[in-house]
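One structure below.
Derivation of every value follows stated rules applied to the coordinates shown; laboratory data play no part. Only a predicted model underlies this, so the values are computations on that prediction, with no experimental measurement involved. Neighbour counts are summed over all protein chains in view; Cβ atoms, including those assigned to glycine, are modelled from backbone coordinates with ideal geometry.
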Amino acid sequence: MAGILIIAHAPFATALRDCIAHIYGGLPARIGAIDVKPDCDPVEVRAFARSEIDRLREENGAIVLTDVFGATPANIAASLRETDVRVLAGCNLPMLVRAVCYRTTPLDTLTDKILQGGTKAIQELDASTPLNPCALAAKAASGAACAPVACARPRIAYPRKPLATDADHHSN
């Protein structure tokens, strides 16, 4: 199983990790997040990132996801590249979901699945776009059936109490 490290502009890395915890009803093992702040010392962040990779790395290696190619977080992430550590830029939530779902596959397969998931998730939703993910995948693949994803079914959570409104925060 590959470890996963997200390195991105603050607060994006933590937000992505928190989204995964929300989707799956808890944080899957071996997922780390480093939020790179504007005033950070890149040398210190790089050293911390190296220790995180060492902590998260599994027998299948590790995946590092970063947000913007060429920016400080991506440059830090790029310094972590090794034979068993892959670095992917342009991270979005579908990429992270794929990383979690396919993390037991070989690193080359995992990398391909993550890149495919992130790319296929970018869609313009117009009036003719089916909102069912399988129908959308079939449309994109010119009629091919939607393949089942080999991962635990995500938990969909809804608020247990009504969301607060502006009226709840102001006294009359």
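The figures follow:
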| read-out | value |
| --- | --- |
| Cα-projected label distance for ALA78 with GLU59, points at 7 Å along beta-carbon direction, nm | 3.4 nm |
| Difference of contour (0.36 nm per residue) and Cα-Cα distance, ALA71 to THR14 | 18.8 nm |
| For MET1, net neighbour charge (Lys/Arg +1, Asp/Glu -1) across residues whose Cβ lies under 10 Å away | 0 |
| Ascending count of other beta-carbon atoms within 10 Å, so fewest first, for CYS19, CYS101 | CYS19, CYS101 |
| GluC sites (Glu not before Pro) restricted to DSSP loop in the stretch 1-73 with at most 12 other C-beta within 10 Å | GLU59 |
| Within-13-Å neighbourhood charge of THR119 [Cβ basis; K, R +1; D, E -1] | +2 |
